[in-house]
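Notes for the one structure printed next.
The values are calculated or read from the model by the stated rules, or taken from the named source; none is laboratory data. Source: prediction; values computed, not measured. FYI the Cβ positions are ideal-geometry reconstructions off the backbone, even for glycines, and counts take in every protein chain you see.
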Amino acid sequence: MMRGEFTSLPNSREVEFTLNGFFQSQGFGRPVNSLEPFASTIAVHLSGELVGAAHTAPPPDLIRALMARGAELDDAFESASSVHALQALAVAQHARGKGLGAGLLDECARYVRDELGADALIARVDSTHERLVGWYERHGFTVCAIDEVIQIDGVTLPPVDQLRDAWRPLTSSPRLSIHAVPLGAR
């Protein structure tokens, strides 16, 4: 296993531009917004070259649901920040198979727990990619069945075609409850 240099990147337009270029080169179609409140980005470099990155932020669906319940935007972000959604994780093709993805995932989990106070990390995993589903399970995630979604403190996250929800607790006593519920449950 090769050890890269893992760093937390500051939230800035320059970092966002670099990240989006990297993520798009690795096949991610949607851009990340590094200026979101409570967002975090971890990068890994080998010999000075950016070869991997992971980006997290509080789940937008949870923020919207908290606001629909009457929370102000800042309060919704604050409450939702106890859960971070892994919005993107990618390792360059030539750097794969060296443990850098697992290192990114672990460093991301450590950072959002220790620096941002998050209790859990959630992800959406391509349900057609069983090897990837297994990778998340091996790294401490509980992956929902194909007909389930995550519910966080009574807020059911909407399903996304071809994706399965997954979560990984980061503390022994989370502030919000997270569990799987059947599709269509409220």
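Annotations
- Any hit, segment 54-63, residues being in a strand (DSSP E or B), closer than 18 Å to Leu157 by Cα and under 15 Å from the mean Cα position of the chain (by Cα): yes
- When Val125, Val149, Val112 are checked against the criterion of being farther than 18 Å from Phe28 by Cα and in a strand (DSSP E or B), Val149 stands alone in meeting it.
- Pairs, first touching a residue at least 12 places away in the same chain (Cβ under 8 Å) and acidic (Asp, Glu) in segment 156-172, second crowded, with 20+ Cβ neighbours inside 10 Å and outside any strand (DSSP E or B), C-beta under 6 Å, six or more apart: Asp165/Cys144
- Selection count where residues are of a type outside the set (Gly, Ala, Ser) and closer than 20 Å to Ala53 by Cβ, scope segment 104-148: 23
- Test result for Phe77, modelled with pLDDT of 85 or more and among the hydrophobic types (A, V, I, L, M, F, W, C): yes
- Some residue of segment 73-81 being more than 20 Å from Gly140 (Cβ to Cβ), among the hydroxyl-bearing types (Ser, Thr, Tyr) and in a loop (DSSP other than H, G, I, E, B): yes
- Conditions (1) in contact with a Ser or Thr (Cβ under 9 Å, 6 or more places away or on another chain); (2) crowded, with 17+ Cβ neighbours inside 10 Å: number failed by His45: (2)
- Of the residues in segment 10-32, at least one is outside any helix (DSSP H, G or I), in contact with a Ser or Thr (Cβ under 8 Å, 6 or more places away or on another chain) and closer than 24 Å to Asp126 by Cα.
- Taking the conditions (1) in contact (Cβ under 8 Å) with a residue 12 or more places away in the chain; (2) outside any loop (DSSP other than H, G, I, E, B); (3) closer than 23 Å to Phe141 by Cβ in turn, His94 satisfies each one other than (3).
- Consider segment 128-146 and keep the residues that are of a type in the set (D, E, K, R) and under 20 Å from Phe28 (Cα atoms). The one that is surrounded by the most Cβ atoms within 10 Å (Cβ to Cβ) is Glu130.
- Checked against the criterion of being out of contact with any Gly (no Cβ under 6 Å at 6 or more places or on another chain), under 21 Å from Asp114 (Cβ atoms), of a type in the set (Val, Ile, Thr) and surrounded by 15 or more Cβ atoms within 10 Å (Cβ to Cβ), the candidates Ile150, Ile178 yield just one match: Ile178.
Yes/no per residue for (1) at pLDDT 85 or above; (2) on the phi > 0 side of the Ramachandran plot:
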{"position": "Gly134", "(1), (2)": "yes, no"}
{"position": "Arg138", "(1), (2)": "yes, no"}
{"position": "Gln151", "(1), (2)": "yes, no"}
{"position": "Val155", "(1), (2)": "yes, no"}
{"position": "Arg164", "(1), (2)": "yes, no"}
{"position": "Pro169", "(1), (2)": "yes, no"}
{"position": "Ser173", "(1), (2)": "no, no"}
{"position": "His179", "(1), (2)": "yes, no"}
{"position": "Gly184", "(1), (2)": "no, yes"}
